[in-house]
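Read the structure below first, then the notes.
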């Protein structure tokens, strides 16, 4: 059972620079939403990387668009999160191989020749330790290759080399055929590349399931990159599948100042002249406008506020803007049967978005709560920048028809308090699950308090704000 943490706090409003973002969520793969090379093909909604009836095969599946990793002008790096599910089936064989890797590489990078087997479709004997390689990857390596691998199967972080810079033991046969969920996150502030993974049914608390590696990606990768997956077999085979993929990146970029002095002087001169000319007209207009504003003060103020907030939020990264009609349809007009709960700031409804094919939780801020509106602004502008596997993902927002709403991913198993104190009869949580929940909560709070670029104090940690998905 995996823990997610709802954020519901009050902070000073943060003014953020403009941002460049990439976000996509793929629960079904087809011929158009990914770019395929080698043996990789979409099949039944997932991706099959290799033909298991043949040896020494390679398959690639990459996102079709390039992604901006850093800004060459400012040196600013992107934060990103790659969340994906996959499976490796060892087919009951005593020997199998070779694994699957998530990788970042220069735009235009192609499958190297002779890169099957332990090279995982990313290197060959010529490039395996070349400083010109420019590849950073996270590998789930099921077969230890003599010469560059540790003596066991492992999960490793590789920096421009087929040899892992950091690794932890991992045995694919222990989890054969089981679905793995993996999160790869990069925090540009502390240059921390983090990897977490777990299995639906075969996770073992005795196994290490995380890695952390400090790396300045701008020193090893170009500004624009390709992101995707590579898998390979050698003389031993296995079945490798990608089941889903969600990617979110955010790059804060300062506005370009430029140095066009001559042109600037001309423009400034013209503007000054025009401003002086219309100063009187402007003064008269302001007087008339203020009189009109006095008559419709509240409505006008609200309209300006909505416009300002919408403009600010649309420059943010990740979350999308939903229309009021979208959320009315998703929640059956905010039906009482869809209501999940109600608090001081408003009600939360369960909904379903047809275009995203997913369930959502819609937090509708009470119109009578001024504090709720402040929280709404803070949640959208601040939480949208947070990247941690134990924080409930903010999908979007709505500021329409006088309503303030925030859209989160829906947690299928409800809150922790419903399992501990709920009226419905539920099986008691095992100590292993309780321990895992405690670790997840501690990890989320550590990220908020110390690991993110700004200290975020939650202020309302309680079991009803701890959500369990599966």
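For residue 81, the test of being closer than 20 Å to residue 225 by Cα, in contact (Cβ under 8 Å) with a residue 12 or more places away in the chain and either in the same structural domain as residue 213 (by TED's automatic domain parsing) or over 27 Å from the mean Cα position of the chain (by Cα) (or both) is passed. For the stretch 54-75, filtered to residues that are crowded, with 18+ Cβ neighbours inside 10 Å and part of a loop (DSSP other than H, G, I, E, B), the residue that is farthest from the chain's Cα centre (by Cα) is 57.
Filtering the stretch 95-114 to residues that are out of contact with any helix residue (DSSP H, G or I) (no Cβ under 8 Å at 6 or more places or on another chain) and under 19 Å from residue 51 (Cα atoms) leaves 95, 100, 101, 111, 113, 114.
Results for (1) assigned by TED's automatic domain parsing to the domain that holds residue 325; (2) modelled with pLDDT under 80; (3) crowded, with 20+ Cβ neighbours inside 10 Å, shown as yes or no for each residue.
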residue: 392; (1), (2), (3): yes, no, yes
residue: 404; (1), (2), (3): yes, no, yes
residue: 413; (1), (2), (3): yes, no, no
residue: 429; (1), (2), (3): yes, no, no
residue: 435; (1), (2), (3): yes, no, no
residue: 444; (1), (2), (3): yes, no, yes
residue: 455; (1), (2), (3): yes, yes, no
residue: 461; (1), (2), (3): yes, no, no
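The values are calculated or read from the model by the stated rules, or taken from the named source; none is laboratory data. Since the model is a prediction, treat every value here as computed from it, not as a measurement. Neighbour counts run over all protein chains shown; Cβ positions are idealised from the backbone, glycine included.
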